[in-house]
Structure formats: C-alpha cells, structure tokens
Amino acid sequence: MIRELTLPLARDEAASLRAGDLVTLTGPVYTARDAAHKRLIALMEEGKELPLPLLNQTLYYVGPSPAPPGLPIGSAGPTTSYRMDSYTPALLDAGLVGMIGKGARSPAVVEAMIRNRAVYFGAIGGAAALLARSIQSAEVIAFPDLGTEAIRLLTLSRFPAIVLIDSLGSSLYKTGPAQYRSEEL
Amino acid sequence: MRELPVSAVRDAVRRLFLDINRKIGPDVEAAMRSALEKEISPAARYALTQLTDNYAAAEETGLPLCQDTGMAICFLTVGQDVHFTGGDLNEAVQQGVREAYEEGYFRKSIVEDPLFERKNTGDNCPAVLHLSMEPGESVRLMGIAKGFGSENMSRIFMLPPAAGEEGVLNAIVIAVREAGPNPCPPIVVGVGIGGDFEIAPLLAKRATARPLGVHHPDPRYAALEQTALDRINRTGIGAAGIGGLTTALWVSAEYAPTHIAGMPVAVCICCHASRHGEIAI
Ligand code: SF4
C-alpha cells in the first residue's frame, strides 16, 4: 500500500511514518546539496536570515540536470546524503521536518531526527527522468551562482519515495538487507 | 596510411555521449527487468519498477537517465597506420564531450581544482582520455559516463600473492558491503587483478563496460566472477540498498601480469545506470 502525503508535513504525521513505508509526496520542497548546506550553516552561525523557511519544511538533496526548453526541470534524482550529515543536525534543530536523499545517515543525524520527530525519505537513485515527471515547477530562490547546487523551490506531485529512517531511529538500511541476507557473516 | 580528420573523432565522441546518457544498453535493461521479475521484497520492487519505468521516461522526454551524467571517460584505440589531420586529437575529444553535454542539457559536474576552489569548469571538461595503439588502420572509441555515487565506492587492495582466490573474493565483497546503498544498486562490478597500482583500476574500469552476461574466456576467471556474483547477492543489500535479492547485476573480471611480490585487486563499482558504448570511427 502506498501512503499519499501532503507537504509541508505536519510533525505528528512525520512521526507516524515508519521505516519501509512506501509513500508519495505532494507539495513544496527545497533543494540543497553540499555547497548550499555550507552557506546555510554559515548564515546561521552569523545569525543572519536564511533565504528559505525551515519550520516543518522538507529538503531534497538533488543537483538537477539543466531544464530543456518546455520542461520545468531536467533529470532530478537524489544525491548521496552522507555528505550533508555534518550540517543536518543544526537544520533539524532549527525546524526542518523532512529530508529526501539516498544512503545512510550518521548517528548524530539520527539522534537529531529522534529529538525533533523528523523523517528521512529515500527517492530512488537513478530514476531521475521519471522523478522529474513528478516535479511540476522549479524556481531558483537562493544562491543562483551555485548553478545546479542553487536552492530551488520545487512543487512535487505524487513524487514516489520510501521512508528510510523514521522518527524512532529505525532504518530500512538495517532491517531491509537483514531480511534478505543469506550469507554467513 | 589512413588519413582521418580529428573532426570525425569529435563527432563520434559527441554522438556517443548523447546516446549513452539517454538510452540504457539492452543488456542492462534485460538484467534489470529480470531482477524485477525475481524480486520478492515489496520495497525493492517499488524501486526496480521505477528504475525500469525510467528508461521510457528518458526516451519520451529526451532527459538523461540520471541527473549525474558523469565524468566522461574515453578509451581511444588507434591503429598505428592512422594519421590524424586538422588539429589536436585531445582537443577534438574534449570538444566532442563539450558539445554533447551542452546539446543534451546534461549536467556539468567537473571541478577544476579538486582540493581548494572546486570551481566548476562549466563544460564537463576535461574528459579522461586513455589512448592506446594497435596495428592497422582502425580507430575504436569506447566511452563511459561515470557517476560519482558509484565511483566513490570503488576500491583498490594491494593483496599479497598468498591471499589467493579467497582474498580476491573477500576484497570484492568487502567493497560491495561497505558501499551499501550509496552506489545505487543493483550495481555492475568490474574487477581488475594484477598489473600495478594504476593498471588494476584501469582493468576494473574497462571490465564494467563488458556486456552483462558475458563471462571471462578463461574458465577459472569465469568461475571467480560467478562466485563473486553469488556472494554479493547473498548480502541482501538489494535494489537501492533497502533489502532485496539483486545487489549486483553482474561481475566482470580482467587480469594482467604482475610482480612476483604482489597481487593488486581493484574493484570498480558502477551503478545500475551503467552507461557506456563503443563505436568504430
Ligand atoms: S550512482 Fe549512478 S544512478 Fe546513482 S545517482 Fe550516481 S549516476 Fe545516478
């Protein structure tokens, strides 16, 4: 069964999701990857205003390919999330409720997720042309000089995702492979 | 002596990268569809369904299969009786890549200085060019668009000769297990055994471009490939790393002579978006 979620995600709803849940996401998300994270954290440390709201918002770790004429965005699959790990706890503590990416997260990120009842979704890496079809609009809202790494506001429409790590700290990367493992370790 | 204008190389490079970034090879597509058929994990089925639907989405929209259209890697094998005319061969290869990535609306993912500024070069150049020679008048181009989600998970092990077959198998499984979900499984694994510190990875990289389903001609290496594949698929990592039956689509091994004191083993990991192609120029 696939659960259809609407963004921005209410915190109680985020907390009700469980690792392994198949979902679709509809609504606004903000893109950010390595360079944008670095700048956001620098702004926070200087006490300056951020170019996007964080409270109950969701970040998508993606560096899309350029949009050809007639399409809102190019291919847009997730990038590997661990590169954002050192920045993520501060963003969660500042109100972020959801993240979309691929790959495992650090213990510090998982602790911050538990503390803030947040959720980490996975999009399927490499399904990028298909995922682009679930993005209705894209608009650069900050750091345009970063090109593909600029912060964009995307509007998702039934974007397919999976709950990878839930607000209790349970990870599909642990439970999933364990269930299908048949080797002796 | 055959005269060949470098513009022919440029055009071949351009065509090849436009093609491989948009259309997956029939061997990979067949392997992915058979992985979906066999799969019993609902989450992995969800992933594999999207990945196989992605082929049609790319074809219908003209978008690249993956937003990471990779670093462009060119293996150019040149007959020694060929004379290139009309300019610089290396520059022709770079221009072919530049044109493909611009025309295809592909992402430019190359930075100039790897350590300090990391400033994007803006045209996906420089491409990596490996030149080699052979007798005759033919020119063959093999190109790989390599994403770094999987390239980052590739490894080299300088094993002692006594590590033997078991040592090689362990090295492969360790690399795959530590990579986990990061290289976008189901992966294609290239293994380079022997040579030296630079030959082993080169063999491994080339091995990822061998057609899936084709084993090494030496039955001992073919058996090694099969054992490695079985072991990898028993890890349970599965599609997207979320648990499932297919972690790797294929393992290809290549070997080269090495020193009496060593056995380098390189494991080159390629994602399911294994984009490569070959053309004669
Ligand atoms: S590892 Fe491959 S499929 Fe995954 S994001 Fe990178 S290029 Fe795309």
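The values are calculated or read from the model by the stated rules, or taken from the named source; none is laboratory data. This structure is a prediction, so every number in the text was calculated from the model and none was measured. All Cβ positions, glycine included, derive from the backbone under ideal geometry; neighbour counts span all protein chains shown.
Observations
- Unmet criterion (only one of (1) within 14 Å of chain A (Cβ to nearest Cβ); (2) over 24 Å from B:Val189 (Cβ atoms)) for B:Glu134: (1)
- Qualifying residue in the stretch A:155-167 (condition: in a loop (DSSP other than H, G, I, E, B) and under 15 Å from the mean Cα position of the chain (by Cα)): yes
- Within the stretch A:96-121, the set of residues being under 15 Å from A:Ala161 (Cα atoms) and more than 7 Å from chain B (Cβ to nearest Cβ) comprises A:Gly98, A:Met99, A:Ile100, A:Gly101, A:Val119, A:Tyr120, A:Phe121.
- Some residue of the stretch B:152-162 being within 16 Å of the ligand (Cβ to nearest atom), touching a residue at least 40 places away in the same chain (Cβ under 8 Å) and buried (at least 22 other Cβ atoms within 10 Å of the Cβ): yes
- Odd one out for B:Ser252, checked against (1) more than 16 Å from the ligand (Cβ to nearest atom); (2) part of a helix (DSSP H, G or I); (3) crowded, with 19+ Cβ neighbours inside 10 Å: (2)
- When A:Val29, A:Val62 are screened for being of a type in the set (Val, Ile, Thr) and assigned to a loop (DSSP other than H, G, I, E, B), only A:Val62 passes.
- Qualifying residue in the stretch B:27-37 (condition: surrounded by fewer than 22 Cβ atoms within 10 Å (Cβ to Cβ), touching a strand residue (DSSP E or B) at 6+ places or on another chain (Cβ under 8 Å) and among the polar types (S, T, N, Q)): no
- Criterion (under 18 Å from A:Pro28 (Cβ atoms), modelled with pLDDT of 95 or more and more than 16 Å from the ligand (Cβ to nearest atom)) met by exactly one of A:Gly101, A:Gly95: A:Gly95
- Scanning the stretch B:265-281 for residues being surrounded by fewer than 24 Cβ atoms within 10 Å (Cβ to Cβ) and over 30 Å from A:Gly77 (Cα atoms) gives a total of 2.
- Just one residue in the set B:Ile232, B:Ile269, B:Ile260, B:Ile279 is facing chain A (nearest Cβ under 10 Å) and of a type in the set (A, V, I, L, M, F, W, C); that residue is B:Ile232.
Quick grid of which residues meet (1) more than 13 Å from the ligand (Cβ to nearest atom); (2) part of a loop (DSSP other than H, G, I, E, B); (3) within 24 Å of B:Ser138 (Cα to Cα):
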{"residue": "B:Ile40", "(1), (2), (3)": "yes, yes, no"}
{"residue": "B:Thr52", "(1), (2), (3)": "yes, no, no"}
{"residue": "B:Ala57", "(1), (2), (3)": "yes, no, no"}
{"residue": "B:Val93", "(1), (2), (3)": "yes, no, yes"}
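- Being within 16 Å of the ligand (Cβ to nearest atom) and not assigned by TED's automatic domain parsing to the domain that holds B:Thr247 is a description that does not apply to B:Ala12.
- Conditions (1) outside any helix (DSSP H, G or I); (2) of a type in the set (A, V, I, L, M); (3) at the interface with another protein chain (Cβ under 7 Å from one of its Cβ atoms); number of the one not met by B:Ile73: (3)
- Where B:Ala43 falls short, out of the listed (1) over 21 Å from B:Pro186 (Cβ atoms); (2) out of contact with any His (no Cβ under 6 Å at 6 or more places or on another chain): (1)
- Every test in (1) crowded, with 20+ Cβ neighbours inside 10 Å; (2) more than 14 Å from chain B (Cβ to nearest Cβ); (3) without any contact (Cβ under 8 Å) to a residue 60 or more places away in the chain is passed by A:Pro78 save one, and that test is (2).
- Identity of the residue in the stretch A:123-135, free of Cβ contacts under 8 Å to residues at least 60 places away in the same chain and in contact with a helix residue (DSSP H, G or I) (Cβ under 7 Å, 6 or more places away or on another chain), that ends up farthest from the ligand (Cβ to nearest atom): A:Arg133
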